[in-house]
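Colleague: The structure's right below; bear with me while I get my questions together.
The values are calculated or read from the model by the stated rules, or taken from the named source; none is laboratory data. Because the structure is a prediction, the values reported are computed rather than measured. Virtual Cβ from ideal backbone geometry, glycine too; neighbours counted across all protein chains shown. The accessibility values were calculated without ligands, DNA or RNA, using every heavy atom of the protein model including side chains. Shrake-Rupley method; radii C 1.70, N 1.55, O 1.52, S 1.80 Å.
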Amino acid sequence: MQDINTKKKGLRLSDTIILLIILGVLVAFFTLINSDFIAYNNISTMLKNMVLTGILALGLTPLMIARGLDISFGSSISLISVVIALLYTVGGVNLWLALIIGVLVGVFVGFINGLLIESFDLIPIILTLGMMAILQALALVLANTFSNTYSILVMTDPLYYFATRTFFKIPYPVLVLIVLVIVYWFILAKTKVGRTIYLIGANPTVAKLSGIKVKKIKILLYTFMGLVTGIGGIIIVAVSGVGMSYHGKNLALPTLSAVLLGGISLMGGSGTVAGTMLGVLIVTVIFNGLSVLNVPSYYIQLFQGLALIIIVAAYEIRNNRAAMN
Amino acid sequence: MSENNVVLEMKSITKNFPGVKALDNIDIKVKKGEILGLLGENGAGKSTLIKILSGAYSLEEGKIIIDGEEKVFKHPHESIDEGIKVIYQELTSFEPLTVAENIFAGETIGAKGGFISWRKMGKKAREILDKLNSDIDPFKVMEKLTVAEKQMVEIAKAIHGDVKILVMDEPTSALDEQDVDNLYKTIRKLKEMGVTIIYISHRMEEIFEITDRVVVLRDGRKVGDKLTKETSRDELVSLIVGKKFSEQYPKKEIEKGKVILEVKNVSYLNKVKDVSFYLKAGEIVAFFGLLGAGTHSLFSVLFGDKIATSGQVFVEGKEIKLTHPNIAKKYNIGYVPLDRKEEGVATEMTVGENITSANIENLGNGFMIDQKIEKKHCDKWFDKLSIKAPSHKTMVKSLSGGNQQKVVVAKWLERESKILLMNEPTRGIDVGSKAEIYKIAEDLCEKGVGVLIVSSELPEILAISDRVYVMKDGEIIGEFKTKETNQEELMHLAST
Amino acid sequence: MANKNTKSFLDTINVFKKNSMTPTLIIVYILMIAIFASVNPLYISLTNIKSILATISISGIMAVGLTTVILTGNFDISVGSTLGIAAIICAKFYNIEGLNLPIGVVILIALLAGAAIGAINGFLVTVVGINSIITTLGTLAIFRGLAYFFATETARIYYKPFIFVGRGYVFNNVPLTLIYFIGLLVLMYLVLRFTKFGRNIYQVGANADAARLAGVSVDRTTFFTFIISGATAAMGGVIMASQLAFAQGEFGLGYEFKILTICVLAGISLAGGRGTLVGVLVATFILGSISNGLALADVPIEWREAFQGLILIVAILIDSIRVRREKLLRA
């Protein structure tokens, strides 16, 4: 299909091939060391792990294409999971209502992030860093005050079924991811909204002078990032069966790495849903592979940092080279 | 006048940019203590030549010979070390720092051990500024100065220390007559000291006042090299433009319609003050003013990019509140902005995406973009404006300046704009494209569109406009019918 | 005219410049002390003041280093992890059996390690060209991972002279750490103001292109500021290890935040090129006094962290409003 967007916004074909080769090599490597790696059980664990990173990376994709950034989603997920758990267990609220309120918390946080960043021209990473601290503290305080513990059990049939059962052999959380992937792909590649987002990222001044309400749209994108964070919160509660104030702690780096690996640049204007998902796949394989190999957790953190730097450095070096020619 | 007096020789300098030959085999020799005027339209290649001399652009073909020795500058710092100083048109100041620091940027002024003595730095800065007859306080923070004062600091920065060749790129564009006189005195003093000066200016009177010799560039080629006293104004003008402007762009008589835009007492901060004017359908109205006169701010306000602090704007008799460009768009106002690369086109997107960028909502029914419709829209403008690009999927950054500008114009024609604001629409584009842009403006007028133009090129204003407003310090200080005025009158009014 | 010059010279070295944030900060500080003291009179007791003075120095020292980085228009958020690594290096090297390294050498190794981490950051930012936030976000994780790796269990250092480094007092009432802080601050103030390197830092931050044109080596200047930031973060680590007499992988967790908040509150503009260390001094006192005051007022630890996030956000809001107003006023 000759899509007008594929010309530059997506990964270049060569990039995609390189990423696929990396993926293949990684899978082969981990399988060689431990044949359990491609066992059905591990694959299904991997898919479930991938869901959360995938959903968050999807939310970041349009946001970062439009030159925004949010790193508070980890703490936000912690808070959301705690809110849902507390409402359901301590508050005795109907499960569905609790879930909706949880999602609304995420939406609200995203909206506030966007509102502050866009109305005061703040540097997104700094504001969301501050937000991260506040949300983390809120999660801790709420959990402590109302249940005296960091993790609150949420035992309900619907959530348990959602986490464990399948729909035509596809686990429900994976199904959610698939639906979101299709929605985001459709919006970015096919619609007027998508075009507007790319235009904002390519040059916000030009976008504004084309009569586009740049600030409004960006606030909306932050709000949608909040929405997918809320969905992520529900999934983490369902899969783990607890609401915990440290749930989202190690999500920021892998998600950011995945997005950047998938060809999104901090300068905005480029990136596709397909690229992002490829990035998510690779990052998931790496970290799942490491845990299958029983690598201690501090190594994982170390690798997360290394991965981020290597990914960005690789793109940066290539860009420098391209600029020289 | 012997050959060994030559300080600088630039030999067969050629420079290519994507799609444009910016410089084509340029040869220039300058003698010690000579003041060389460098003339040419915007886009003729003056700035490129200077940037090659200073090492800001790399030298691809040709040679730079200084005092008989061939030099290759990889970095501006290397040319500074050779005593080549450039006062760039876009100011390169450190806004939050003091005047003294700006003058001595990158150096240590002071006592033993590499420590800075602020007192000494202030005193030295004072001396240099006194030489320029300027009373700017050396310890004032740069961002608190006026544009003219900043220009003065740039000059002070360039002339201090060891200077062999001084390049001044339109140094007077923001100065009033008093400051210009002071500048001339300084330049003559420098000449006596044996400094060679390359003086770039658009203003003929300055060229005849101050230079010894002039070199004229046109479309990247050297088309003239004359001693100032042996040439005439008419000769230079015709060298610069090739043909006489009025011959080149004969103005068509177009029937004027009703008033479509009326502006009443509009102000914006201290940059636009109480401005009132009108525009009729089929009319081209030009705004002329020197740097800082407020013409650019006025256009930003008229397009809603900046919000007027007071005043009213009427489009076809209806008052509109311009709070955002999308309001302007709604009332069929289009805008071709000043800085094409930063404000006009998204260079990393395709031609098609740019042409439709103000019209995304009409690319099909509902949410989706219909690519057939998009292609149809684009192809129409490809033909009408003769945009030279392989297809609408070509990236804008690979187009020449003129074609990029046509893309910007196409974007607003696509919206069927009734009022088109053009801010320096021909800056940095080649002569051919210029003519095409003028033609487009004229065609639009015939269809009942009103065009407002800001231009710093008087010949352009005189050739294409119906009326001219002259601005200074944010105010309109004169209105003329183009036929009844001339270049001298307008320039005199704008600069005094 | 001479008269005018002297006056304006005084003007420039005047702390209370018209658009400086310092006077506001000092007023805020006085008000704050009054409020905390009215909640808990112990707040202004000698013991408590001593404890405030002793605890603020770590963040103060690190803020001085980070300031140089921010002045060039970059960020370093790896400082917390660098602190952790330096503390652990102190403990580990001191405890190497049979080597008996003198404590001075141990401290020097820790500081050099900090400088080396700074050099890695600087290399990635200037040579490879990665955005400084992303770079240091990565190194933050890497060195935190390494810190956990080396300190699988708490490493103790019971050695009086080492402990004295962080816990000692001169004249019975003045903590040694405060002297390091003030000493470093004065030194860096002089460097920033009276040396070529210092002025280059400001020029790079104010307008990197213009600095390059003026022959300033932008990359080298930026590189060195990262080294300074790494070294000061390591100083923080040494002091922390000495104050607590042990080291853990968690040391310095979340410090990037605290330090960034101090710098922003101090009026060091995130855009680079604006702000002085005088503001850093006052901001360090304010932030240290707040966390101490909140502790004395029995505010739970989690809330105190939330408070810090809040202060950071308020500080960047003020910064943004200020920059915007300046832009508008500029004719």
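Colleague: Under unit Cβ charges (Lys, Arg +1; Asp, Glu -1), what dipole magnitude, rounded to 20 debye, does region B:247-495 have relative to its Cα centre? Write out the running numbers ahead of the final one.
Modeller: On the way: 35 positive and 36 negative charges, 120 e Å.
That gives a dipole near 580 debye.
Colleague: Provide the net charge surrounding C:ALA91, with neighbours chosen by a C-beta distance below 14 Å and charges set as Lys +1, Arg +1, Asp -1, Glu -1. Don't skip to the answer; put the middle values down first.
Modeller: Working: positive: C:LYS92, C:ARG156; negative: C:GLU97, C:GLU153, C:GLU250.
Combined, the nearby Lys, Arg, Asp and Glu give -1.
Colleague: Another question, then. What's the buried accessible area, both sides, between C and A using a 1.4 Å probe, rounded to 100 Å²?
Modeller: Working: alone 16610 and 16360 Å², together 29750 Å².
The C and A chains share an interface burying roughly 3200 Å².
Colleague: For chain C, what does the alpha-carbon gyration tensor say about shape, rounded, prolate or oblate, given a ≥ b ≥ c as the root eigenvalues, a/c under 1.5 as rounded, and a/b over b/c as prolate? List each step's numbers first, then the result.
Modeller: Working: a/c = 1.70, a/b = 1.22, b/c = 1.39.
Oblate, because a/c is 1.5 or more while a/b does not exceed b/c.
Colleague: List the residues whose amide H sits under 5 Å from the amide H of B:ILE84, counting only those 5 or more places along or on another chain, with H placed 1.01 Å from N in the peptide plane.
Modeller: B:LYS164, B:ILE165
Colleague: Using the charge dipole of region A:4-318 (Lys, Arg: +1 at Cβ; Asp, Glu: -1 at Cβ; taken about the Cα centre), state which of A:VAL183, A:SER72, A:VAL103 has its Cα farthest towards the positive end.
Modeller: A:VAL183
Colleague: Skipping prolines and chain starts, which residues have an amide H placed within reach, meaning under 5 Å, of the one on B:MET471, given they are 5 or more residues away or on another chain?
Modeller: B:PHE288, B:GLY289, B:ILE477
Colleague: Is chain B rounded, prolate or oblate when judged by the Cα gyration tensor, a ≥ b ≥ c being the square roots of its eigenvalues, rounded requiring a/c under 1.5 and prolate requiring a/b larger than b/c?
Modeller: prolate
Colleague: Next question. Counting Lys and Arg as +1 and Asp and Glu as -1, each charge on the Cβ, what is the dipole of chain A about the Cα centre in debye, to the nearest 20?
Modeller: Numbers: 19 positive and 8 negative charges, 201 e Å.
Charge dipole, chain A, about its Cα centre: 960 debye, nearest 20.
Colleague: Using alpha carbons only, how many angstrom separate the centre of region B:344-394 from the centre of region C:65-84?
Modeller: After rounding, the separation between the Cα centres reads 45 Å.
Colleague: Shifting gears a bit: Which one, B:GLY366, B:LEU166, B:GLY224, is farthest towards the positive end of the dipole of chain B when Lys and Arg carry +1 and Asp and Glu -1 on their Cβ?
Modeller: Farthest along the dipole direction, towards plus: B:GLY366.
Colleague: Which ³J(HN,Hα) values, rounded to whole Hz and listed in residue order, are derived for region B:198-215 from phi using the Karplus coefficients 6.51, -1.76 and 1.60 in 6.51 cos²θ - 1.76 cosθ + 1.60 with θ = phi - 60°, glycine and proline given as x?
Modeller: 10, 10, 9, 7, 8, 8, 4, 4, 5, 4, 6, 6, 10, 8, 9, 8, 10, 10
Colleague: Using only protein heavy atoms and a 1.4 Å probe, how much accessible area in total is buried between B and A, to the nearest 100 Å²?
Modeller: Numbers: alone 23120 and 16360 Å², together 36760 Å².
Looking at B and A, the buried total is near 2700 Å².
Colleague: Checking the a/c ratio against 1.5 first, then a/b against b/c, what shape does the Cα gyration tensor give for region A:4-318?
Modeller: Numbers: a/c = 1.65, a/b = 1.11, b/c = 1.49.
Note, shape of region A:4-318 comes out oblate.
Colleague: Sticking with this one: Can you give the average number of partner chain beta-carbon atoms within 10 Å of each beta-carbon in peptide C:146-157, as a whole number? If you can, show how the numbers build up before the last one.
Modeller: Details: counts 5, 3, 6, 6, 1, 1, 2, 0, 0, 0, 0, 0.
Partner Cβ neighbours, averaged per residue: 2.
Colleague: Which one, B:ILE284, B:ILE65, B:VAL141, is farthest towards the positive end of the dipole of chain B when Lys and Arg carry +1 and Asp and Glu -1 on their Cβ?
Modeller: B:ILE284
Colleague: At 1.4 Å probe size, with no ligands or nucleic acids counted, give the accessible surface of B:CYS445 in Å², nearest ten.
Modeller: Here the residue's solvent-accessible area equals roughly 0 Å².
Colleague: Now, a different point. Would you please give the residues with an amide H less than 5 Å from that of C:TYR169, counting only those at least 5 places away or on a separate chain, with H modeled from the backbone geometry?
Modeller: It is C:LEU176, by chain and number.
Colleague: Tell me, what is the per residue accessible area of the protein assembly as shown in Å², probe radius 1.4 Å? Kindly include the intermediate steps, with their values, before the conclusion.
Modeller: On the way: 47160 Å² over 1152 residues.
That works out to 41 Å² for each residue.
Colleague: If you don't mind, another one. Between the alpha-carbon centers of region B:28-106 and region A:22-100, tell me the distance in whole angstrom.
Modeller: So the two Cα centres are separated by 56 Å.
Colleague: Mind pulling the angle between the C-alpha long axis of helix B:371-384 and the longest principal axis of chain B? Nearest 10 degrees, somewhere in 0 to 90.
Modeller: Here the helix axis deviates by roughly 60 degrees.
Colleague: So what are the ³J(HN,Hα) numbers for region C:230-244, from phi and the Karplus equation (6.51, -1.76, 1.60; θ = phi - 60°), rounded to whole Hz, Gly and Pro as x?
Modeller: Running phi through 6.51 cos²θ - 1.76 cosθ + 1.60 with θ = phi - 60° gives x, 5, 5, 4, 5, 4, x, x, 4, 5, 5, 4, 6, 5, 9 Hz.
Colleague: In debye, nearest 20: dipole of the protein assembly as shown around its Cα centre with unit charges on the Cβ of K, R (+) and D, E (-)? The partial results should precede the final answer.
Modeller: Working: 115 positive and 99 negative charges, 226 e Å.
Dipole size: approximately 1080 debye.
Colleague: Still on this structure, I have one more. Let me check I've understood the local charge: for C:ILE268, count other residues with C-beta under 10 angstrom from its C-beta, Lys and Arg +1, Asp and Glu -1. What total comes out?
Modeller: Neighbour charge sum, excluding C:ILE268 itself: 0.
Colleague: Taking all protein chains in place and a 1.4 Å probe, what share, in percent, of the accessible surface of region B:3-244 do carbon and sulfur account for? Could you put the intermediate results ahead of the total?
Modeller: Numbers: 4700 of 9980 Å².
C and S atoms contribute 47 percent here.
Colleague: If you don't mind, another one. Rank these by accessible area, largest first, 1.4 Å probe: B:ASP370, B:ASP135.
Modeller: Details: B:ASP370 65, B:ASP135 100 Å².
Descending accessible area places them as B:ASP135, B:ASP370.
Colleague: Using a 1.4 angstrom probe and counting only protein chains, how large is the accessible area of B:ASP67 in Å², to 10?
Modeller: Surface open to solvent at B:ASP67 totals about 90 Å².
Colleague: Can you work out ³J(HN,Hα) from phi for every residue in region C:179-192, in order, using Karplus 6.51 cos²θ - 1.76 cosθ + 1.60 and θ = phi - 60°, giving whole Hz and x for Gly and Pro?
Modeller: 5, 4, 4, 5, x, 4, 4, 5, 4, 5, 4, 5, 4, 5
Colleague: In region B:336-363, which residues give up 30 Å² or more of accessible area once the other protein chains are added, compared with their chain alone (1.4 Å probe)?
Modeller: Buried-area filter returns B:GLU342, B:GLU343, B:ALA346, B:GLU348, B:MET349, B:GLU353, B:SER357, B:ILE360.
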